[in-house]
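The values are calculated or read from the model by the stated rules, or taken from the named source; none is laboratory data. Computed from a predicted model, the values in this text were never measured in an experiment. Note that each Cβ is placed from the backbone with ideal geometry, even for glycine, and that neighbours are counted across all protein chains shown.
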Amino acid sequence: MERPASSPPSFSRGRKWGARLNVFLAVVAVLAMVVMANYLGARRAKRVSWGADAGFQLSPLTHQVLRGLTNQVKVTVYFDPDEVHYGSVMSLLKEYSLASPKIVLDTINYISEPAKAELFKAQYRLAPNLKDFILVEHDKRARLIQQSELSEYDLGKLMRGEGKEIQRKAFLGERLVTSAIITVTDPRQQKAYFLFAHGEHSPAERTQDTGYGRFAEVLRDNNVELGGLALTGTNDVPADCSLLVIAGPQTAFDLAEIEKLDRYLRQGGRMFLLMRYQSRAALNPLLAPWGVELGDNVVVDKMHSKSDSSVVVGAFGSHPVVRPLSQAGLALQMFVPRSVSARSTGATSADSPQVAELVTTSPEGVAVSDPVKGPRPSNRQGAIPLMAAVEKGSIKGVNLGRGSTRLVVTGDSLMLDNQFIDFAANRDFAWQAVNWLLDRSVLIGNIGPRPVRVNTFTMTDGQMRTVRWLLLGAVPGAVLGFGLLVWWRRQR
Amino acid sequence: MQKFLTLVRRELGGYFVSLTGYVIIAGVQLLTGMSFVILLKALNGQPFDMPVTEKFYETGFFWIILLLAVPLITMRVFAQEKFSGTYETLMTAPVGELAVVLAKFLGALLFFVAAWLPLLAYPYVLRRYSLDLGQVESGIVASAFLGVFLVGGLFVSIGCFASSLTRSQMIAAMNAFALCMGFFLLSFLSTLLAPQPGWQTKLFAHISMIEHMRDFSRGIVDTRHVVYYASLTVFFLFLTLKSVESRRWK
């Protein structure tokens with residue numbers, strides 16, 4: 001029924017406009033509340049994973065590092081988006097930027113933005129042919145992570161001749177990025193010296209099995225500058241030495257060298273001493289005052305070995321260096337190790353060295369004193385210690401020069417060489433030991449590699465046909481049929 | 001409460017006694033099935049390193065279904081009542097306008113959920129043929145469905161608002177489609193523009209439905225996304241309420 005044209009409006013024009021204005025203001029107010037809710041929600045956001053595989057979650061250590069940031073850290077992703085790592089890198093860095101507003105993310109696609117790419121490279125003096133990397137920068141300090149570092153690969157199939165495929169085993173992005181953030185924001189510049197002149201493993205050697213090039217990478221990942229040192233003649237341990245690495249010396253040290261090392265330790269030096277089988281270095285005079293005894297033997301543990309020369313050890317102590325390994329249920333693989341035991345120094349004062357045995361063999365271990373003759377009943381048997389850590393705290397009013405002394409001694413140096421560093425949790429141990437020695441307590445945690453889960457499913461043509469028929473025919477057809485039935489019944 | 005539940009029941013009944021409701025469900029099932037079959041063909045025998053739920057939501061079909069189905073579901077909620085003349089009867093019934101709006105929204109949302117329910121079985125079809133059973137985790141499937149529910153809630157509220165503006169179902173569907181599409185297209189700002197320092201990147205990421213759905217399909221539940229969808233859903237329901245109330249003073 002149409003309203004008569006002459007009927008008066010139920011609302012005056014003024015009231016209508018008043019109502020409209022009222023609605024407009026209410027809508028604006030609610031919209032403001034929506035914006036506010038989103039703003040506050042973004043500031044106090046939480047991300048939780050409902051999946052058992054928390055591969056997309058950052059580790060507690062990374063969160064701890066990000067919470068501690070006081071200044072902006074710029075992370076530039078210089079990548080071709082078609083590269084295999086791009087997706088993983090962006091997902092990971094998105095988590096970083098969501099976890100901390102201090103992380104400023106920038107991307108450069110060198111394919112579509114060549115001018116910006118050139119400018120960036122010129123600004124950071126990067127090699128012209130360098131591409132596909134992440135640059136973490138803070139206050140003119142930068143750390144570069146190349147694409148090749150981001151994954152661990154499984155070469156097993158290729159080596160066994162089962163195929164030409166090299167599969168990605170794990171993604172190391174979080175470990176590298178967090179490490180880079182820590183190192184560029186750490187105001188201290190640390191320097192590690194590798195002792196040479198006694199047949200030690202070389203940190204410059206990246207290809208030879210016995211080289212320490214890959215261990216040197218662990219140090220570089222922690223922004224530690226590397227140097228070489230020979231204590232011959234008048235040379236002494238430099239004042240800027242944050243860490244002295246003695247990696248598998250083979251020949252004897254003379255008295256003057258031992259005195260220099262002893263002085264360095266007494267001044268609060270940090271030393272990572274890795275001994276090897278049949279070494280003639282004879283460093284017990286140096287270690288004895290620090291409560292460590294190096295056995296002249298070869299430790300075997302037949303029940304826990306993968307070959308004649310290796311020992312798999314997982315009986316860790318509760319020291320910070322090995323606690324994360326113990327908590328994660330990891331093990332180390334050592335090769336012809338010597339025993340490294342804690343011994344009494346006789347000192348009982350508060351400032352006497354605190355010695356802790358880090359790891360022992362199983363109770364079936366035997367310290368064979370004469371490897372040629374093999375195990376004898378007279379040999380030491382039981383849980384044989386293979387590593388020790390020593391700390392001697394600083395005393396009030398006494399200036400030790402470098403701070404408190406820290407020392408890690410292992411009975412095997414091969415475990416961290418290029419060939420074996422990635423066996424078991426050896427690399428994690430190296431990471432832990434280095435950061436404990438450098439007093440980077442925040443890094444004494446474990447950001448393990450994230451396994452790359454590669455999945456496959458296989459369906460035969462028949463199975464595919466069944467699924468296709470089910471999904472494209474049966475399910476929609478059944479719904480439609482039921483609908484028609486309902487419709488037909490209602491028509492009747 | 002009883003009146004509210006009666007209204008919800010009436011609304012749901014409206015979908016399930018008409019052929020249109022079943023056609024919509026069958027259409028949704030056909031498109032999701034097609035999307036799944038295409039995915040299966042692409043992945044068959046090929047190694048892949050992301051959760052299969054993420055792969056599924058990356059297919060264009062998923063968004064096509066959402067963008068098409070919701071306007072078809074919601075176009076009738078108010079427009080049909082206005083067209084058939086039952087609107088005034090409903091609005092003069094002893095129930096508040098808020099209850100009417102919420103009942104219609106809830107009815108449409110429940111129907112939307114019902115249309116998607118069979119999808120729950122799809123990951124388990126894959127599980128039957130997967131060599132790695134861990135690939136289909138219940139937690140990830142649940143979070144992916146939470147994403148579908150939240151996006152669906154927003155789109156349904158938009159559809160209710162569009163339907164409350166007109167008496168033509170066709171116009172209501174077109175308006176809803178345009179608005180939903182607008183929100184969806186905003187997502188492309190974050191995918192087209194690479195991350196750069198500044199607030200724009202954060203804003204675009206915050207409003208990007210594609211990014212949100214990627215997180216949900218990986219099993220990540222981010223409170224930012226939940227707040228975004230919940231607040232916008234409330235906003236559009238508020239607009240719908242004001243639109244319904246406008247009959248008093250128009």
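Listing for the model above:
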{"item": "Selection count, the range A:48-65, where residues are more than 10 Å from chain B (Cβ to nearest Cβ) and more than 15 Å from the chain's Cα centre (by Cα)", "result": "0"}
{"item": "Residue that is surrounded by the fewest Cβ atoms within 10 Å (Cβ to Cβ), among those in the range A:107-120 that are in contact (Cβ under 8 Å) with a residue 12 or more places away in the chain and over 25 Å from B:E54 (Cα atoms)", "result": "A:I111"}
{"item": "Search result, residues across the range B:71-107 that are of a type in the set (G, A, S) and either within 12 Å of another protein chain (Cβ to nearest Cβ) or under 26 Å from B:V28 (Cβ atoms) (or both)", "result": "B:A79, B:S84, B:G85, B:A103, B:G107"}
{"item": "Residue match in the range B:85-94 (condition: within 30 Å of B:N44 (Cβ to Cβ), surrounded by fewer than 16 Cβ atoms within 10 Å (Cβ to Cβ) and of a type in the set (S, T, Y))", "result": "no"}
{"item": "Residue match in the range A:387-403 (condition: touching a Leu at 6+ places or on another chain (Cβ under 6 Å), closer than 26 Å to A:D262 by Cβ and at pLDDT below 85)", "result": "yes"}
{"item": "Pair list, Cβ < 7 Å and 6+ apart or interchain, from the range B:230-249 residues that are more than 9 Å from chain A (Cβ to nearest Cβ) to residues that are of a type in the set (D, E, K, R)", "result": "B:L241/B:E97; B:V244/B:E97"}
{"item": "Some residue of the range B:108-122 being more than 14 Å from every other protein chain (Cβ to nearest Cβ) and in contact (Cβ under 8 Å) with a residue 60 or more places away in the chain", "result": "yes"}
{"item": "Subset of the range A:61-96 [touching a Lys or Arg at 6+ places or on another chain (Cβ under 8 Å), of a type in the set (S, T, Y) and either under 23 Å from B:M213 (Cα atoms) or surrounded by fewer than 18 Cβ atoms within 10 Å (Cβ to Cβ) (or both)]", "result": "A:T70"}
{"item": "Any chance A:F133 is within 14 Å of chain B (Cβ to nearest Cβ), out of contact with any His (no Cβ under 7 Å at 6 or more places or on another chain) and over 30 Å from B:V227 (Cα atoms)", "result": "no"}
{"item": "Tally, over the range A:410-467, of residues that are under 24 Å from A:F335 (Cβ atoms), charged (D, E, K, R) and at pLDDT below 90", "result": "3"}
{"item": "Index of the failed condition, B:G85 passing every other in (1) on the phi > 0 side of the Ramachandran plot; (2) touching a Phe, Trp or Tyr at 6+ places or on another chain (Cβ under 7 Å)", "result": "(2)"}
{"item": "Residues within the range A:178-204 that are within 20 Å of A:A252 (Cα to Cα), of a type outside the set (D, E) and buried (at least 17 other Cβ atoms within 10 Å of the Cβ), tallied", "result": "7"}
{"item": "Any hit, the range A:77-87, residues being on the phi < 0 side of the Ramachandran plot, modelled with pLDDT of 90 or more and of a type in the set (V, I, T)", "result": "yes"}
{"item": "Out of A:V322, A:V313, sole residue that is under 19 Å from A:M415 (Cα atoms) and over 19 Å from the mean Cα position of the chain (by Cα)", "result": "A:V313"}
{"item": "Residue check, A:L25 assigned to a helix (DSSP H, G or I) and within 10 Å of chain B (Cβ to nearest Cβ)", "result": "no"}
{"item": "Wholly enclosed strands (runs of 3 or more DSSP E) of the range A:221-290 bearing at least 1 residues touching a Gly at 6+ places or on another chain (Cβ under 7 Å) and not assigned by TED's automatic domain parsing to the domain that holds A:D412", "result": "none"}
{"item": "Lone qualifier among A:A45, A:A117, A:A122 - being under 20 Å from B:I207 (Cβ atoms), over 21 Å from the mean Cα position of the chain (by Cα) and either within 8 Å of another protein chain (Cβ to nearest Cβ) or of a type in the set (A, V, I, L, M, F, W, C) (or both)", "result": "A:A45"}
{"item": "Residue match in the range B:54-66 (condition: surrounded by 17 or more Cβ atoms within 10 Å (Cβ to Cβ), at pLDDT 85 or above and among the acidic types (D, E))", "result": "no"}
{"item": "Matching residues, the range A:266-284, being in contact with a helix residue (DSSP H, G or I) (Cβ under 7 Å, 6 or more places away or on another chain) and either surrounded by fewer than 18 Cβ atoms within 10 Å (Cβ to Cβ) or of a type outside the set (A, V, I, L, M, F, W, C) (or both)", "result": "A:R270, A:R276"}
{"item": "Count - residues of the range B:15-31 that are within 8 Å of another protein chain (Cβ to nearest Cβ) and among the polar types (S, T, N, Q)", "result": "2"}
